[in-house]
Amino acid sequence: MPELPEVETIRRQLAPHLEGRRIERAEVLDARWSEPAAPAELADAIEGRDVLAVGRRGKYFDVELDGEVHLIMHLRMTGNLLLIPPDDVRENPYVRVRFELDDGSTVLFADPRRFGTGLALLGDAARDEYFSSRLGVEPLSPDFTPAALQALAKGRRSPVKAFLLSQERIAGVGNIYADEALFRARIHPLRPVGTLRRQQIEALHAAVVESLEAGIDARGASIDDFRHTDGARGSFQDRFLVHRCEGEPCPRCGTTIVKLRAAGRGTYICPKCQPKPRS
Ligand SMILES: [Zn+2]
């Protein structure tokens, strides 16, 4: 499932092709994508508009169009945005939406499992409200500081992994980057977040930022369906420290990495570097 680094990778690939172009036509082939809006309603809101900027908030794309219209998209489990050059007749069996641009190129939203979504928001205020009601601090922004993390964690008994996965606290971190960050910070995923000491909060803050930046540097992780706009794979899966490394030696101490369950997700740790909390 794409997380912040995967979405940011696609944003960086799309932006130079989309910004300054006009969306001539939007064809929503799967009505579930735009629910509760009808496909024609969504198309009407965005067709004929210029793309001013391709933005991102957490795991959401925010395609800013003229007239303060925002096309908000989420890839969910298996969504991909593919950029098809003019005169390229490639087809994709999982296309749910086609955006035709004024230079003859096409952007396809392909999505085998069909959980991805799109909607149009009218006005910057509507966009701001949509995000602020769903998403917490943006972890690669200046707002994400050790003090901000400390304030979010204070008094909370939830396990630190579940805390990292909750989008309304920190936006964009998912299963891969939570595991990688907790390993870097030497924190067990089941440790209640409110019990972390000041140094651990500082280590976790740095580890979240470093893990996300490493993922962006590697242009995302392609462990399942994630692909770049040209169909290529990311390479972060080759640089995982612990995620999906069960049975392999810890890159720091050599202890065998184990898999456990935390926050309902398969979770990978080094049992020596990330000691179990005393209950
Ligand atoms: Zn270790």
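Summary table
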item	result
Pairs of lysines in the chain (C-alpha under 15 Å apart; 8 or more residues apart or interchain)	4
Radius ratio Rg over Rh of the chain, counting only Cα atoms, Kirkwood formula for Rh	1.01
Two-site FRET efficiency, residue 47 against residue 265, from Cβ-Cβ distance with R₀ of 45 Å, rounded to 0.05	0.70
Cα gyration tensor shape for segment 1-60, rounded if a/c is under 1.5, else prolate or oblate	oblate
Relative contact order (%) - the chain, alpha-carbon pairs under 8 angstrom, separation at least six	18 percent
Cα gyration tensor category, rounded, prolate or oblate, for segment 1-117 with a/c compared to 1.5	rounded
Accessible carbon and sulfur surface of the chain relative to its total accessible area, %, 1.4 Å	47 percent
Label point distance in nm, residue 244-residue 102, each placed 7 Å from Cα along Cα→Cβ	4.1 nm
Segments 49-60, 135-146 sorted - mean Cβ within 10 Å per residue, highest first	49-60, 135-146
Contact order normalised by residue count of segment 18-81, Cα under 8 Å, 6+ apart, percent	27 percent
Å² of accessible area per residue within the chain, as computed with a 1.4 Å probe and no ligands counted	46 Å²
Tensor-based shape of segment 130-214 (alpha-carbon gyration tensor, a/c under 1.5 rounded, otherwise prolate or oblate)	rounded
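The values are calculated or read from the model by the stated rules, or taken from the named source; none is laboratory data. In this text the structure is predicted, and so the values were computed from the model without any measurement. Methodologically, a virtual Cβ is constructed for each residue, glycine included, from the backbone with ideal geometry; neighbour enumeration extends over all protein chains shown. For accessibility, only protein heavy atoms count, side chains too; no ligands or nucleic acids. Shrake-Rupley method; radii C 1.70, N 1.55, O 1.52, S 1.80 Å.
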